[in-house]
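The values are calculated or read from the model by the stated rules, or taken from the named source; none is laboratory data. Keep in mind it's a predicted model, so treat the numbers as computed, not measured. Backbone-built Cβ (ideal geometry, glycine too); neighbour counts: all protein chains shown. For the accessible areas, the whole protein counts, side chains as well, though only heavy atoms, and no ligand, DNA or RNA atoms are used. Shrake-Rupley method; radii C 1.70, N 1.55, O 1.52, S 1.80 Å.
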Amino acid sequence: IAPGLSSKGINLGLMHFSGCGGVSYPLKPGPNNQGRLSQLVNSFSPGGGTPLAGALRRAGQQMQGGSVDKRIVLLSDGKETCGGDPVAVASRFASSNLKIHVIGFDVGSGAASQLRKIARAGGGKYNQAQSAQQLQDAFEQLSKNLEKDLLKKMRSCVELGAGNKRKSSLDSHRAVPK
């Protein structure tokens, strides 16, 4: 799902939604979760409604706080069907250190439009996939972009110089092991 990220010390977690009342958090963010993440994703089957706003709200609440940059990757096969406003929820997190990236899987133009708006409001990127291979490609591209963002942030912190308070903060929240 997120090739290479877990080996870089990045915490991966999983939230699953299915049906208007069904939002669960089967895997809390943590290091070395790649194998378990893949197992869980492969065990899910779609069903019921699509509570995008509720899922984003809960994920955002779980990830708030701290100074470390965080990312939500929303994978959906449709648009919001449970009466929420996921674009408004995503925009609430736009000014924080939380970005929302979205992958639409086998979606029509109406759903793609809403998912694109969620990504834009959440400061992230939108990818669309129509097949299993395109879905894998979308996750790989997203993983590369996340890794590139992480390395760019680390370089800019290191360039600030030794003894700088921001550099010390980087060391205490190191995402890439020494």
Query - Set Lys28/Lys148; Lys70/Lys148; Lys28/Lys144; Lys79/Lys148 screened for pairs whose C-alpha atoms are more than 18 Å apart - result: Lys28/Lys148; Lys28/Lys144; Lys79/Lys148
Report task. Label region 5-150 by shape, choosing from rounded, prolate and oblate, from the square roots a ≥ b ≥ c of the eigenvalues of the Cα gyration tensor; if a/c is under 1.5 it is rounded, and otherwise prolate applies when a/b is larger than b/c, oblate when it is not. Result -> rounded
Requested in this report: Measure off 7 Å from each Cα along the Cα-to-Cβ vector at Asn32 and Val68, then give the distance between these two points in nanometres to one decimal.
Outcome: 1.6
Report summary line: What the 10 Å binned alpha carbon P(r) of region 47-94 shows, as percent of pairs per bin from 0, is 25, 54, 18, 3
Query - Sorted peptide list for 72-81, 27-36, 48-57, 14-23, criterion being average Cβ within 10 angstrom, highest first - result: 48-57, 72-81, 14-23, 27-36
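Computing the accessible area with a 1.4 Å probe over protein heavy atoms, can you report the carbon and sulfur percentage for region 14-109?
Working: 2370 of 4760 Å².
Percent of accessible area from carbon and sulfur atoms in region 14-109: 50.
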Query raised in the report: Counting only the backbone N, which residues of region 47-80 are under 14 Å from the spot 7 Å out from the Cα of His16 toward its beta-carbon?
Result: 47-48
Query raised in the report: region 8-58 to region 84-104: how many Å between their Cα centroids?
Result: 16
Query raised in the report: Tell me, Kirkwood radius of region 81-138 from alpha-carbon pair distances, in Å?
Result: 11.8
Report summary line: Regression test value, accessible area per residue of region 38-129, probe 1.4 Å, units Å², expected 48
